[in-house]
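The values are calculated or read from the model by the stated rules, or taken from the named source; none is laboratory data. Because the structure is predicted, anything quoted here is derived from the model rather than measured. Don't worry about glycine lacking a Cβ; one is built from the backbone with ideal geometry, like all the others, and counts go over all protein chains shown.
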Amino acid sequence: MKFAWIAAEKADFRVRDCCRALQVSSSGFYAWRRRPASAHATRDEQLRVLVRASFDASRRRYGSPRIYEDLLEQDVRVSRKRVIRLMQAEGLRARARRRFKHTTMSEHDQRVAANLLDRQFTADAPNRRWVGDTTEFVIGESAKLYLAAMLDLFSRFVVGWAVSPVNDRHLTRRALEMALKRRCPEAGLLHHSDQGCTYASEDYQRLLDAYGLTCSMSRRGDCYDNAVMEAFFSSLKSELADRFPSYSQAKMELFDYIEVFYNQRRRHSTLGQISPAAFERRALARRVDPVENRQDRGFPPVPHAPSLSFEAEHQTTADPRNAAVH
């Protein structure tokens, strides 16, 4: 370490003075410089490049668990501890989570549904259980932008979303309509949300009835009843932003995060560190149990599924009923 420090500082100080201050010999320093790097140090330099590439590809959002999975997927043999050490040496840190304001407007006289989901945040196939919620962002100094999103509990895929400067029933309807057109679910799907007036409104409930969706609502003031959506919004704001300079910038960056990064690439801990889209493709290709990737439940890790043809991949995204696990 002393010789490394001298090498870093020799542009500003004379080598002889540095060696004298650190009580090492000048000949030892020059011998150290001529000595070839060890195999371990050489490997570290190679891994630094790969770790940095994975970190940058995630828009500086990944911590060591997901970067470690990225390297394994590239057939790079490395330990998690080594990834942590290299990230610390490079000063690479994922963005920390923060607490955010809730936007539920539950003071209304509309009918509310029972909590049929009852915190059962899993599904045995796509389009069996959806959860929805709304959150807000700051635009400029004080303007607001609201995001309504709908998540499929089978794969945590964002099946529908919409943004608006106004948090009303039209916003949540547009998110639901996008999900219905995108996934074409069968009757009987369980739709869960909070008790907000945007979800309890008559026209929103009529849309649920028209498609045969069963309504479920969280208990008032209990955020844990819709914990999956709370976690999604927390990740989104931590990894992207909670304020934007303009509406156009916000819409562009939200599209990129949700459709390009989160759905298609972001590794999800609940899914065994693969993306929602990859999880659905694996279910289609392997007919695996939806929790088989969860090593913390005692299941062994499953090898990554072979890539599918464009037609099969497109079919999975466009109509995930074909990916159902029975």
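Within the stretch 47-62, is even one residue at pLDDT 85 or above, surrounded by fewer than 12 Cβ atoms within 10 Å (Cβ to Cβ) and closer than 27 Å to HIS268 by Cβ? Yes; the residues of the stretch 47-62 include at least one that is at pLDDT 85 or above, surrounded by fewer than 12 Cβ atoms within 10 Å (Cβ to Cβ) and closer than 27 Å to HIS268 by Cβ. Within the stretch 264-277, the set of residues being within 17 Å of SER234 (Cβ to Cβ) and not in a helix (DSSP H, G or I) comprises ARG266, ARG267, HIS268. For the stretch 229-243, does any single residue satisfy the condition of being under 22 Å from ASP118 (Cβ atoms), assigned to a helix (DSSP H, G or I), touching a residue at least 40 places away in the same chain (Cβ under 8 Å) and among the acidic types (Asp, Glu)? Checked against the condition, which is being under 22 Å from ASP118 (Cβ atoms), assigned to a helix (DSSP H, G or I), touching a residue at least 40 places away in the same chain (Cβ under 8 Å) and among the acidic types (Asp, Glu), the stretch 229-243 yields at least one hit.
Residues of the stretch 135-152 that are touching a Leu at 6+ places or on another chain (Cβ under 9 Å), surrounded by fewer than 22 Cβ atoms within 10 Å (Cβ to Cβ) and either without any contact (Cβ under 8 Å) to a residue 40 or more places away in the chain or outside any strand (DSSP E or B) (or both): GLU136 alone.
Among the residues making up the stretch 18-47, those that are in contact with a helix residue (DSSP H, G or I) (Cβ under 7 Å, 6 or more places away or on another chain) and either of a type in the set (A, V, I, L, M, F, W, C) or more than 22 Å from LYS2 (Cβ to Cβ) (or both) are CYS18, CYS19, LEU22, VAL24, PHE29, TRP32, LEU47. Reported count of residues in the stretch 198-228, each being surrounded by fewer than 16 Cβ atoms within 10 Å (Cβ to Cβ) and assigned to a helix (DSSP H, G or I), is 8. Taking the listed residues THR198, THR122, the one that is under 20 Å from the mean Cα position of the chain (by Cα) and modelled with pLDDT under 95 is THR122, with no other qualifying. Just one of the listed residues (HIS170, HIS191) is outside any loop (DSSP other than H, G, I, E, B) and surrounded by fewer than 18 Cβ atoms within 10 Å (Cβ to Cβ), namely HIS170. Within the option set VAL131, VAL166, being of a type in the set (A, V, I, L, M, F, W, C) and within 13 Å of TYR199 (Cβ to Cβ) holds for one residue only, VAL131. Of all residues in the stretch 63-77, those satisfying the criterion of being touching a helix residue (DSSP H, G or I) at 6+ places or on another chain (Cβ under 8 Å) and surrounded by fewer than 17 Cβ atoms within 10 Å (Cβ to Cβ) are PRO65, GLN74, VAL76.
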